[in-house]
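Below is one structure; the comments refer to it alone.
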Amino acid sequence: MSGNGQHGFGRVPRKEDARFIRGQGNYVDDIKLPGMLYGAVLRSPHAHARLVSVDTAAAEAHPQVRAVITGETLAGLDLAWMPTLSGDVQAVLATDKVRFQGQEVAFVVADSHYAARDALELIDVDYEALPPVIDARTALDDGAPVIRDDLEGRGDNHIFDWEAGDAAATDRVFDGAEVVVAQDVLYPRVHPAPLETCGIVADMDKVTGKLTVHTTTQAPHAHRTVYALVAGLPEHKIRVVSPDIGGGFGNKVGIYPGYVCAIVGSIVTGRPVKWMEDRSENLMTTSFARDYHMRGEIAATRDGRVRGLRVTVLADHGAFNGTAQPTKFPAGFFHVFTGSYDIEAAHCAVTGVYTNKAPGGVAYACSFRITEAAYLVERMMDMLAAELDLDPAELRLRNLLRAEQFPYSTATGWEYDSGDYPRTLRKALDIAGYDKLRAEQADRRERGELMGIGISFFTEAVGAGPRKHMDILGLGMADGAELRVHPTGKAVLRISVQTQGQGHETTFAQIVAHELGIPVDDVEVVHGDTDQTPFGLGTYGSRSTPVSGAATAVVARKVRERARIVAGAMLEAAPGDLEWTPGRWTVRGDPSSGATMQEIAMAAHGSLELPDGVEGHLDATTVYNPPNLTYPFGAYIAVVDVDPGTGKVAVRRFVAVDDCGVRINPMIVEGQVHGGLADGVGMALMQVMAFDEDGNHLGASFMDYLLPTSMECPSWELGETVTPSPHHPLGAKGVGESATVGSPAAIVNAVVDALAPYGVRHADMPLTPANVWRVIQGRPFRT
Ligand code: CDP
């Protein structure tokens with residue numbers, strides 16, 4: 001069958017596209033409530049300054065202004081500071097100092113968006129400028145200005161030290177190593193930059209005492225709990241609704257000061273308040289990603305056997321530690337940095353520091369710092385290949401984990417669930433026609449042309465929990481699912497995760513359809529509303545399919561088992577004598593005697609006499625606590641041409657072979673991979689959140705912070721291998737972020753390979769024309 005009549009997995013067209021392609025999506029900014037007011041945030045022009053005074057009298061006198069809220073107002077409500085996802089506190093509105101350019105200083109509520117913006121200009125703020133810390137490498141210098149003097153006893157900008165692996169064993173491997181290669185590698189500060197910026201419509205109903213917020217959140221239940229804890233309201237008096245979301249990529253995990261201000265604005269005025277940030281606000285003040293200054297060392301034998309990895313990281317977390325990752329892991333999952341290789345010993349040490357930049361450090365389309373880790377190890381592998389004069393594909397094939405090594409325990413404490421890495425790399429090499437490409441490259445080099453071929457192989461770790469190891473702010477990382485089956489066999493699935501464009505309304509319906517043997521069209525997926533869905537931690541780190549997808553399979557199986565009991569009563573057979581053929585329970589040995597799921601659902605709601613212990617109806621609920629993460633992986637190959645005159649890089653080809661276990665909807669998986677590959681082009685070649693020495697943000701619009709378009713992207717060449725996850729009920733692994741994790745290294749490796757005739761071994765992202773040109777300058781070309 002084709003289309004949504006299909007009963008399970010396959011290329012089912014996306015249900016949600018019917019409204020999206022007609023322009024009928026319903027985003028936060030589409031929500032208009034009766035009597036709604038509009039909020040705007042006054043922001044600091046300084047990166048670091050003492051707040052001397054905030055005079056709001058003129059703004060308050062503006063005829064359309066309904067309220068002006070300052071840090072002082074919030075301090076009176078004990079709301080001037082809020083918890084971050086990393087156990088730090090962040091100023092909602094500044095009371096003592098401003099600590100990054102764009103920091104929130106005051107909030108105006110007015111009759112219209114424009115009046116609110118106009119009134120911001122009437123607020124008079126007196127600042128006393130302080131010297132800022134902009135370069136993380138100077139943050140711990142003696143005498144560096146202390147940014148967080150609000151924290152008791154704080155005399156420096158140090159946040160945390162964290163390590164993983166066995167330092168002594170790693171040192172021993174390095175001491176005895178035949179070859180060691182070391183390199184400083186920067187993963188620059190970038191931004192998730194979703195097309196829809198962040199916003200909220202807060203509505204405090206004074207009659208019912210219930211607060212309803214429509215907001216751009218990837219984790220509605222977690223947000224509700226945080227609001228409950230901060231505001232002291234019970235959870236049942238807070239409803240968080242996340243309508244259609246125009247991209248999240250980690251940017252919509254945290255709670256931003258504007259959300260809190262809009263809620264306070266609604267409480268103060270008694271009317272709904274909308275706050276929607278503009279593009280510059282989104283780029284300047286909401287969660288950035290990466291900003292890791294890494295030093296990698298790799299130890300190997302002369303014949304290319306990798307033995308050890310040693311890494312130190314200086315992590316720039318901005319002015320408040322607002323990173324998002326499970327509590328026990330201040331550097332996220334960075335310690336997955338041994339990547340896809342069988343490595344004897346490894347160790348990493350990460351130090352986090354405050355700087356006068358926006359807070360964040362979110363998992364931009366990756367599972368908590370895995371992009372940084374994958375990028376580092378893949379750069380180190382290429383540098384080692386160059387040192388050993390070995391083909392980078394060959395070096396990888398000598399070290400990749402083989403099928404028989406799974407489940408595989410890494411030197412830094414992970415247990416990879418399943419894989420056959422050489423098979424996946426070989427497939428990518430075949431699709432690319434690798435040997436021919438190398439021959440072409442040799443020819444071109446003879447002619448002075450710069451062609452590069454870059455490989456990366458990545459392993460992701462997605463689907464956080466398990467809850468005993470992973471929580472955010474004490475909330476265990478598990479997810480609930482509820483499945484209701486109506487008398488006619490139509491089903492409603494309620495889940496705790498929240499799509500931001502990944503197509504959950506389709507794929508989660510497919511999971512139910514697959515398990516119950518009913519049409520995909522007969523399953524409605526409800527999500528993004530805490531009043532209507534079970535508790536769970538939401539969507540980020542590609543956790544939806546590994547956790548909530550598993551919950552969906554489990555709850556559907558519960559329904560199926562209940563249906564078996566009802567079918568037994570219908571068919572006058574013992575439930576144990578029935579067997580499942582998709583969509584039907586039949587009497588074993590007599591396929592003509594059976595009942596479809598629709599017939600069973602009707603019977604369950606009817607007058608049929610049911611055995612003791614069965615109440616009727618088929619509905620079920622579950623909470624899924626994953627036993628392990630799932631480990632998708634992939635082999636990527638980029639082919640680039642570099643113009644030696646301008647430094648401009650063109651990505652000519654890109655081959656991506658992904659293995660995400662069983663694919664629920666291969667078309668959606670491919671779409672996810674396409675998007676992530678484009679992200680990789682952006683990060684590798686175009687993007688950096690840059691600052692001048694005073695802390696002025698230099699990329700606060702899409703004129704400066706560039707998004708990749710189809711012009712910069714080749715026609716992606718995709719392939720797949722399928723290694724099911726042994727512990728996921730469907731054998732599926734997450735995939736939403738794989739391509740963002742794996743692609744930057746392939747492109748950078750390709751550019752460095754193109755520049756090899758100049759003796760280049762490494763160049764930091766972004767490889768803009770200007771940066772590439774600078775790398776080439778003054779170096780003689782040698783074939
Ligand atoms: O958490 P997030 O939705 O961002 O990531 P994901 O779980 O990897 O899923 C992204 C999309 O791809 C969802 O619609 C999934 O159901 C779909 N998918 C799939 O069809 N098969 C897989 N093995 C993994 C994901």
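Read-outs throughout are calculated quantities, based only on the coordinates presented, and are distinct from any laboratory measurement. Just so we're clear, the structure is a prediction, and the values are computed from it rather than from any experiment. So basically every Cβ, Gly included, is an ideal-geometry build from the backbone, and we count neighbours across all protein chains shown.
Of ALA746, PRO780, TRP716, which is farthest on the positive side of the dipole of region 662-783, counting Cα position, with +1 on Lys and Arg Cβ, -1 on Asp and Glu Cβ, and the Cα centre as origin?
PRO780
Projected area of the chain, taken from the Cα convex hull and averaged over every viewing direction, in nm²?
So the mean shadow area of the Cα hull is 36.2 nm².
Distance between the C-alpha centers of region 511-568 and region 1-67? Whole Å please.
29 Å
Would you be so kind as to identify which of ALA18, ALA91, PRO132 lies farthest towards the positive end of the dipole of region 1-148, taking Lys and Arg as +1 and Asp and Glu as -1 on Cβ and the Cα centre as origin?
Of the listed residues, the answer is ALA18.
For Cα pairs less than 8 Å apart in space and 6+ apart in sequence, what is the mean separation divided by the residue count of the chain, i.e. the relative contact order in percent?
The value is 16 percent.
Could you give each residue of region 164-176 its phi-based ³J(HN,Hα) in whole Hz, using Karplus coefficients 6.51, -1.76, 1.60 with θ = phi - 60°, and x for Gly or Pro?
Result, ordered by residue: 8, x, 10, 5, 5, 5, 5, 4, 4, 4, 5, 4, x Hz.
Over region 455-569, what is the relative contact order in percent, taking alpha-carbon pairs closer than 8 angstrom and at least six residues apart?
32 percent
What is the fewest-to-most order of PHE329, PHE781 by other Cβ atoms lying within 10 Å of their Cβ? Kindly include the intermediate steps, with their values, before the conclusion.
On the way: PHE329 19, PHE781 13.
Taking fewest neighbouring Cβ atoms as first place, the list is PHE781, PHE329.
Of the options ILE200, VAL180, VAL651, report the single residue whose Cα projects farthest towards the positive end of the charge dipole of the chain (beta-carbon charges: Lys, Arg +1; Asp, Glu -1).
Positive-end residue among those listed: VAL651.
Among the DSSP beta bridges whose two residues both lie in region 479-624, what percent are antiparallel, rounded to the nearest 5?
Taking every DSSP beta bridge within region 479-624, about 85 percent pair in antiparallel fashion.
Compute and list, largest first, the equivalent-ellipsoid semi-axes of region 1-104 from the alpha carbon gyration tensor, each √(5λ) rounded to a whole angstrom.
Working from the Cα gyration tensor, I get semi-axes of 44, 21, 13 Å.
Where a ≥ b ≥ c are the square roots of the eigenvalues of the C-alpha gyration tensor, would you call region 479-624 rounded, which needs a/c under 1.5, or, failing that, prolate if a/b is larger than b/c, or oblate?
prolate
Determine the gain in length on full extension of the stretch SER409-ASP96; use 0.36 nm per residue of separation and subtract their C-alpha separation, reporting nm with one decimal.
Gain on extension, SER409 to ASP96, equals 107.9 nm.
I'd like the FRET efficiency for ALA168 and ARG447, computed as 1/(1 + (r/R0)^6) with the beta carbon distance as r and R0 of 41 Å, rounded to 0.05.
0.20
How do 739-745, 722-728, 436-442 rank on mean C-beta neighbours within 10 Å, highest first?
The densest-packed peptide leads the list: 739-745, 722-728, 436-442.
Please list, in order along region 415-431, the HN-Hα scalar couplings obtained from phi with the Karplus expression 6.51 cos²θ - 1.76 cosθ + 1.60 (θ = phi - 60°), rounded to whole Hz, x for Gly and Pro.
10, 5, 7, 7, x, 8, 5, x, 4, 5, 5, 4, 4, 5, 4, 5, 4
Relative to the present Cα-Cα distance, how much length would full extension add between ARG438 and ASP142 at 0.36 nm per residue of separation? Before the final figure, lay out each step's value.
Values: separation 296, 0.36 × 296 = 106.56 nm, distance 5.06 nm.
My answer for the length gained is 101.5 nm.
Charges at C-beta only: +1 for Lys and Arg, -1 for Asp and Glu. How large is the resulting dipole of region 479-624 about its Cα centre, in Debye rounded to 20?
Computed charge dipole of region 479-624: roughly 340 debye.
Give the long-range amide H neighbours of VAL133: residues separated by 5 or more places, or on another chain, with amide H under 5 Å away, using H modelled in the peptide plane at 1.01 Å from N.
HN-HN under 5 Å from VAL133: ASN356.
What does the extension gain come out to for ASP111 and ASP30, with contour length at 0.36 nm per residue minus their alpha carbon separation? Let's see the in-between values first.
Numbers: separation 81, 0.36 × 81 = 29.16 nm, distance 1.69 nm.
27.5 nm is the gain from fully extending ASP111 to ASP30.
Using θ = phi - 60° and the Karplus curve 6.51 cos²θ - 1.76 cosθ + 1.60, what whole-Hz ³J(HN,Hα) does each residue of region 537-548 get, with Gly and Pro shown as x?
Per-residue couplings from phi come out as 8, x, 10, 5, x, 6, 9, 4, 5, x, 9, 6 Hz.
For region 284-357 and region 252-277, what is the separation of their Cα centres, given in Å?
Each part reduced to its Cα centre gives a spacing of 35 Å.
Using the per-residue mean of other Cβ atoms lying within 10 Å as a proxy for protection, in what order, highest first, do the peptides 542-555, 238-251 fall?
542-555, 238-251
Taking the alpha-carbon centroid of each part, what is the distance from region 600-629 to region 368-401 in angstrom?
About 50 Å separates the Cα centre of region 600-629 from the one of region 368-401.
Would you mind working out the magnitude of the charge dipole of region 571-661 relative to its Cα centre, with +1 at each Lys and Arg C-beta and -1 at each Asp and Glu C-beta, to the nearest 20 Debye?
Value, rounded to 20: 780 debye.
Taking amide H positions as placed in the peptide plane 1.01 Å from N, state which residues far from ARG239 in sequence (5 or more) or on other chains have amide H under 5 Å from it.
The list, which skips near neighbours in sequence, is LEU211, THR212, VAL213.
For the pair GLU387/ALA228, report the inter-label distance in nm, with labels modelled 7 Å from Cα in the Cβ direction.
So the two model labels end up 5.3 nm from each other.
Going by C-beta contacts inside 10 Å, put CYS713, CYS198 in order with the fewest on the left.
Listed from fewest to most nearby Cβ atoms, that is CYS713, CYS198.
What translational D, rounded to a whole number of µm²/s, comes out for region 660-702 from Stokes-Einstein when the hydrodynamic radius is the Kirkwood one over Cα pairs, at 20 °C and 1.002 mPa s?
Calculated translational D: 164 µm²/s.
With runs of 4+ DSSP H residues as the only contributors, calculate the mean residue ellipticity of the chain at 222 nm using -39,500 (n - 2.57) per run, divided by the residue total and rounded to the nearest 500. List each step's numbers first, then the result.
Numbers: 18 runs with 204 residues, N = 783.
Rounded to the nearest 500, the figure is -8000 deg cm²/dmol.
Provide the FRET efficiency to the nearest 0.05 for the ARG19-ASP175 pair, computing r from the beta carbons and using R0 = 45 Å.
With a Förster radius of 45 Å, E is 0.15.
Within region 175-209, what residues put their amide N at less than 13 Å from the label point 7 Å along the Cα-to-Cβ vector of ALA690?
189
With +1 on each Lys and Arg Cβ and -1 on each Asp and Glu Cβ, how big is the dipole of region 1-151 about its Cα centre, in debye rounded to the nearest 20?
About 1140 debye.
Report, in listed order, any pair from LYS97/LYS274; LYS237/LYS490; LYS97/LYS252; LYS427/LYS648; LYS328/LYS468 with a Cα-Cα distance greater than 21 Å. Don't skip to the answer; put the middle values down first.
Details: LYS97/LYS274 27 Å; LYS237/LYS490 31 Å; LYS97/LYS252 26 Å; LYS427/LYS648 30 Å; LYS328/LYS468 11 Å.
In this structure, LYS97/LYS274; LYS237/LYS490; LYS97/LYS252; LYS427/LYS648 exceed 21 Å between Cα atoms.
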